[in-house]
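Structure incoming, see below.
The values are calculated or read from the model by the stated rules, or taken from the named source; none is laboratory data. These figures come from a predicted structure and were not determined experimentally. Methodologically, a virtual Cβ is constructed for each residue, glycine included, from the backbone with ideal geometry; neighbour enumeration extends over all protein chains shown.
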Amino acid sequence: MRRILVTGGAGFIGSHFVRRLLREHPEYEVTNIDKLTYAGSRDNLRDVEGDPRYRFVQGDICDRPLVEELVSQADAIVSLAAETHVDRSLLEADDFIRTDVHGTYVLLCAAREQGIERFVYVSTDEVYGAVPEGYSSSEMDPLRPRNPYAASKAAADMLCLAFFASYDLPVVVSRGANTMGPCQYPEKMIPLFVTNALRDEPLPLYGDGRQVRDWLFVEDHCEALDLLLHEGTPGEAYNIAADNYRHNIQVAEAILELLGKPRSLIRHVADRPGHDRRYSLDWSKIRALGWSPRQGFDEALAKTVAWYGDNEWWWQKARSGDYQDYYQRQYGWRLEAAARQEGEG
Ligand code: NAD
Ligand code: TYD
């Protein structure tokens, strides 16, 4: 295995993963196919653009001829390309079905035709749906996605495993927990709250803020994907998590504390429909392969917050243009209703 095709490498996790491949495997050649949607940017990999082992191709994973050509030049595929934001999928899911489901199918078909050595599909913990207190999902559990994003990922996840069962395609599926770190588009909770706090704007916390997420640092997530690319057993899924459980409100408070901003910036707003109360993964299977996370929650959050503090140019660019329309659509009425309620109370 020498030639790796990464999809979605201009996004958050993908860009860290491409950098890691080039750093840890000097003999590898990496091709990155990315459509450069609102969530992807070549800025995220400027530092490796001059590396002769790296090639960027702007393209869509639904473009069958292009995908067939790139797959014919690869030994292995790691697929991260996706529409990834739950709130956007609740507003409109067309692109999620197109990219996450059909795009993955196109990749799988090309991989099958070309006899690819390994296909790592980057799925998510959201495919299990909400997990009751006291329980952690294992890889054998049924998938019960509860929002359009999670459903599109679950469909692709199952297609991948079906291609193993039906055609012996050597697929490995990862199901990672919520991830934080530099270069995450400021629509997800942590970068949204950090950049709002830096601008002294309210942090829109959905509902009571007592939902639970387990937070993984992006470098840890990428180390796990690297391990699965080389050591994962074909046909198997692997949970990736860190046991860094926090209520959302604790995350908001920790961000404000790190930035020296007042707690009054927290605004409880109308909840996300179908909001999964808790995610929790049993990750003993990947631990048995020799992986465990290196970063605790506090360290990971401090590094993340510091990066946004030092890279205002990056997030100001991300927050310009269409972002403003999305922000207004998602948060305008929520923040107005919260302000009205505060006025009445
Ligand atoms: P992201 O939104 O930051 O990046 C997605 C990338 O995919 C972008 O660069 C975008 O341009 C590209 N893309 C979108 N549609 C495409 C298409 N049709 N063809 C080619 N490229 C396309 O996402 P992320 O947070 O880095 O997530 C990467 C993967 O990891 C996703 O598959 C996601 O479901 C999964 N995941 C994310 C998390 C998380 O917390 N961020 C956790 C677990 C799993
Ligand atoms: P998010 O970062 O969208 O990831 P996911 O939905 O994949 O878990 O959200 C993380 C948590 O933060 C989730 O419980 C929803 C909550 N949240 C808010 O309270 N306010 C927000 O503005 C956003 C984007 C998320």
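Tally time: how many residues in the range 211-222 are part of a helix (DSSP H, G or I) and more than 14 Å from ligand 2 (Cβ to nearest atom)? Spell out how you get there, then give the answer.
Filtering the range 211-222 down to residues part of a helix (DSSP H, G or I) leaves 218-222.
Filter again for more than 14 Å from ligand 2 (Cβ to nearest atom), leaving 219-220, 222.
Within the range 211-222, residues that are part of a helix (DSSP H, G or I) and more than 14 Å from ligand 2 (Cβ to nearest atom) number 3.
Moving to a separate point now. Between a first residue in the range 257-285 that is more than 13 Å from Arg334 (Cβ to Cβ) and among the aliphatic types (A, V, I, L, M) and a second residue that is at pLDDT 95 or above and in a loop (DSSP other than H, G, I, E, B), which pairs have beta carbons less than 7 Å apart while being 6 or more apart in sequence or on different chains?
Leu265/Pro202; Leu281/Ser136; Leu281/Ala177; Leu281/Ala241
Answer yes or no as to whether Val48 is more than 19 Å from Gln114 (Cβ to Cβ) and of a type in the set (Val, Ile, Thr). First the steps, then the outcome.
Details: more than 19 Å from Gln114 (Cβ to Cβ): yes; of a type in the set (Val, Ile, Thr): yes.
Spelling it out, Val48 is indeed more than 19 Å from Gln114 (Cβ to Cβ) and of a type in the set (Val, Ile, Thr).
Please verify whether the range 60-74 includes one or more residues that are more than 16 Å from ligand 2 (Cβ to nearest atom), touching a Lys or Arg at 6+ places or on another chain (Cβ under 7 Å) and within 23 Å of Trp314 (Cα to Cα).
Within the range 60-74, not a single residue is more than 16 Å from ligand 2 (Cβ to nearest atom), touching a Lys or Arg at 6+ places or on another chain (Cβ under 7 Å) and within 23 Å of Trp314 (Cα to Cα).
When the range 223-255 is examined, which residues are found to be within 16 Å of ligand 2 (Cβ to nearest atom) and either closer than 19 Å to Ala150 by Cα or part of a helix (DSSP H, G or I) (or both)?
Scanning the range 223-255 gives Asn239, Ile240, Ala241, Asn248, Ile249, Gln250, Val251, Ala252, Glu253, Ala254, Ile255.
Hey, can you tell me all the residues within the range 187-210 that are within 8 Å of ligand 2 (Cβ to nearest atom) and under 15 Å from His275 (Cα atoms)?
First, pick out the residues of the range 187-210 that are within 8 Å of ligand 2 (Cβ to nearest atom): 187-190, 192-193, 203-207, 209.
Correct list: Lys188, Met189, Pro204, Leu205, Tyr206, Gly207, Gly209.
Would you mind listing the strands (runs of 3 or more DSSP E) fully within the range 93-181 where at least 1 residues are under 15 Å from the mean Cα position of the chain (by Cα) and away from ligand 2 (no atom under 16 Å from the Cβ)? Walk me through how you get there before you give the answer.
Details: elements: 118-124, 171-176, 178-180.
Output list reads 118-124, 171-176.
Separate question: Is it the case that Ala237 is within 16 Å of ligand 1 (Cβ to nearest atom) and crowded, with 22+ Cβ neighbours inside 10 Å? It would help to see each step written out before you state the result.
Numbers: within 16 Å of ligand 1 (Cβ to nearest atom): yes; crowded, with 22+ Cβ neighbours inside 10 Å: yes.
Yes.
How many residues are over 21 Å from Leu229 (Cα atoms) and either buried (at least 17 other Cβ atoms within 10 Å of the Cβ) or small (Gly, Ala, Ser) (or both) if we restrict to the range 67-88?
We begin by selecting, within the range 67-88, every residue over 21 Å from Leu229 (Cα atoms); these are 69, 83-88.
Restricting the remaining residues to those that are either buried (at least 17 other Cβ atoms within 10 Å of the Cβ) or small (Gly, Ala, Ser) (or both) gives 83-88.
Going through the range 67-88 one residue at a time, the tally reaches 6.
For the range 125-153, name all the residues that are over 14 Å from Val173 (Cβ atoms), touching a strand residue (DSSP E or B) at 6+ places or on another chain (Cβ under 8 Å) and not aliphatic (A, V, I, L, M).
Pro132, Glu133, Ser136
A further question follows. If you go through the range 162-183, how many residues are over 21 Å from Val218 (Cβ atoms), surrounded by 21 or more Cβ atoms within 10 Å (Cβ to Cβ) and in contact (Cβ under 8 Å) with a residue 60 or more places away in the chain?
So the count comes out to 2.
Let me spell it out: the conditions are (1) closer than 20 Å to Gln114 by Cβ; (2) within 14 Å of ligand 1 (Cβ to nearest atom); (3) touching a Leu at 6+ places or on another chain (Cβ under 8 Å), and Arg42 meets all of them except one. Which number is the exception?
(1)
Looking at (1) more than 17 Å from Ile13 (Cα to Cα); (2) buried (at least 20 other Cβ atoms within 10 Å of the Cβ), which is the only condition Ile33 fails?
(1)
Shifting gears a bit: Do we have any residue at all in the range 74-81 that's of a type in the set (A, V, I, L, M), in contact with a strand residue (DSSP E or B) (Cβ under 9 Å, 6 or more places away or on another chain), within 9 Å of ligand 1 (Cβ to nearest atom) and in contact (Cβ under 8 Å) with a residue 24 or more places away in the chain?
Yes: the range 74-81 contains one or more residues that are of a type in the set (A, V, I, L, M), in contact with a strand residue (DSSP E or B) (Cβ under 9 Å, 6 or more places away or on another chain), within 9 Å of ligand 1 (Cβ to nearest atom) and in contact (Cβ under 8 Å) with a residue 24 or more places away in the chain.
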